[in-house]
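Engineer: Once you've had a glance at the structure underneath, I'll fire off some questions.
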Amino acid sequence: MAERYLYVPGIGFVILVGSIFNQTLLNKRICNHPSIPAKTNIYSYKLENTNLPYYPKNSYTVIPPIIIILLTIIISLFSFISLNRNRIWLNEHTFGMETIRRSPNSFRMYNDVGYYYYNIGLLDEAIQAFQESIKIRFSQSRAHSNLGAAYAMKGLNDKAIEELILSIQFSDKNPSAFNNLGLLYKRKGKLDEAVKNFVEALKLNPYNAEAHINLGSVFIDQTRFDEALSEFEKAIKIRKNSALAHYNIAVVYYKTGQMDKAYSKLLEAYKLDPRNADVHLSLGILYLNHFNEKEKALIHIREALQINPNHKQVNQMKDIIKKLSSE
């Protein structure tokens, strides 16, 4: 399946065929000039008679029919093969499935196909592909990590934790596995375990802005606000346009009573991500409780509800909207 390795030698093959074809034409070129015997090779004859024109006006080339037939067959064959192969290279899925058909024990291809399904939201298909990959080679860390991520997206947290622990056991050099495991422990309220895993993820990749943000969010839950602020600032140095980092800094300022700074950071987050429901909700709450600007509060809370009608604070938002609308 590694056709790409044939590109360079393919150039040589084309040059060879072209040279043979060109030489055949040269050897078959004839001229009807009165001073040249019939069927004389004009190029050989010219070497001895330099006064003759290189391309006499009455010269012509005869291409043998067998050459035309062979070239037609070759071009048609390769055109058909190219069109057929293009269907296989349409996307990662078609390529992966063709590879699996030819090499059913390719654990890497099952993993790649699973990753393709995961990225387009087909979680059941992704899980099945990752499981097939693991059946072929159980000790591969990447497939366990991917399977854990898919389980987490399905809300199967315990299964996800099991797979991520296996992934780390087989290779402790995968920062994504530590980061995802930290998120799951945070989801289950095991904050100390979450911190340990985020720290491990950052040891492996200190430039992982997402891990810095995740670690900072746990520090907020533990009321370790200075440490949280430090992590968010590190994330911004790595990814200055991170709306999530700016938003979390606003949360730190809000929880420590620094409302003006919180408002400033929320505006930065809003500019970077105007479709973030949490940012709109926080702006609405701030306008309502701190600035006493009810109209602006209503606008932002309505926008938050429209962006995410399944928000975890949906009931609170509806109550506020109802109250403000009636005033």
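The values are calculated or read from the model by the stated rules, or taken from the named source; none is laboratory data. Everything quoted here is computed from the prediction, not taken from an experiment. Neighbour counts run over all protein chains shown; Cβ positions are idealised from the backbone, glycine included.
Engineer: What is the residue count in region 138-151 for residues that are buried (at least 16 other Cβ atoms within 10 Å of the Cβ), out of contact with any Leu (no Cβ under 6 Å at 6 or more places or on another chain) and over 16 Å from K173 (Cα atoms)?
Structural biologist: 3
Engineer: Tell me, which helices (runs of 4 or more DSSP H) lie completely within region 248-327 with 2 or more residues that are touching an Asp or Glu at 6+ places or on another chain (Cβ under 8 Å) and not assigned by TED's automatic domain parsing to the domain that holds R224?
Structural biologist: Qualifying helices (runs of 4 or more DSSP H): 277-289, 294-307.
Engineer: Could I ask something else about it? Would it be correct to say that G182 is at pLDDT 95 or above and part of a helix (DSSP H, G or I)?
Structural biologist: yes
Engineer: Can you tell me which residue within region 252-293, out of those that are crowded, with 16+ Cβ neighbours inside 10 Å and over 38 Å from the mean Cα position of the chain (by Cα), is farthest from I321 (Cα to Cα)?
Structural biologist: Y287
Engineer: Filter region 159-211 down to residues that are in contact with a Gly (Cβ under 9 Å, 6 or more places away or on another chain), assigned by TED's automatic domain parsing to the domain that holds S242 and not polar (S, T, N, Q), then give me how many there are.
Structural biologist: 12
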